[in-house]
Amino acid sequence: MKGNVAEKLENDEIAKYLIFNIGSEWYGTPLMDVREVIEYHKPKAVPNTQPHFSGVINLRGSIVGVVDMRLKFGVSVVPESPSVFLVCDTEQGPLAAIVDRVNSVLAIDEENIERSVPTLNKIHKSYLHGIARQEDQLISIIKLANILSLENVVNGT
């Protein structure tokens, strides 16, 4: 069995996803899209920006914009809930997403991702890669780097 898994990983039939929570919902994004996970600290506010743009942080000498995914997806923010930053590289440079917690890295077989999902939720269809079935859990697979693009941050989509 282990040989089959290794062969699939080489053939990219199984991709690795970083699994995280926003509120009570589980999300995954391609692991290769996340540059790093860092501890939350309060961003410096920037005036006249979208409500979900929380401001900027200093990341080892670089100024990085921060998007609160709870606000972006319309999930109520619980004060003092544990939070982390997921830093992604975008066309505009690095941007960070505030999420509630990182759970794990999972290798998910493409056969376990349903692509044609009717959505009535707050996730814009262009961000939703599919819904993964992992044991008894359903995980929304999103392209976090696309969500963090400057156009989406500025326009509020």
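With a Förster radius of 25 Å applied to the beta-carbon distance between Leu138 and Val77, the computed FRET efficiency rounds to 0.60.
Model label sites at Ser24 and Asn58, defined 7 Å from Cα along the beta-carbon direction, differ in position by 4.0 nm. Subtracting the Cα-Cα distance of Tyr40 and Val102 from 0.36 nm times their residue separation leaves 21.1 nm of extension gain.
Each reported figure results from applying straightforward, stated rules to the coordinates on display, with no laboratory input. Just so it is clear, the model here is predicted, and its values are computed rather than measured. Note: ideal-geometry Cβ built from the backbone for every residue, glycine included; neighbour counts use all protein chains shown.
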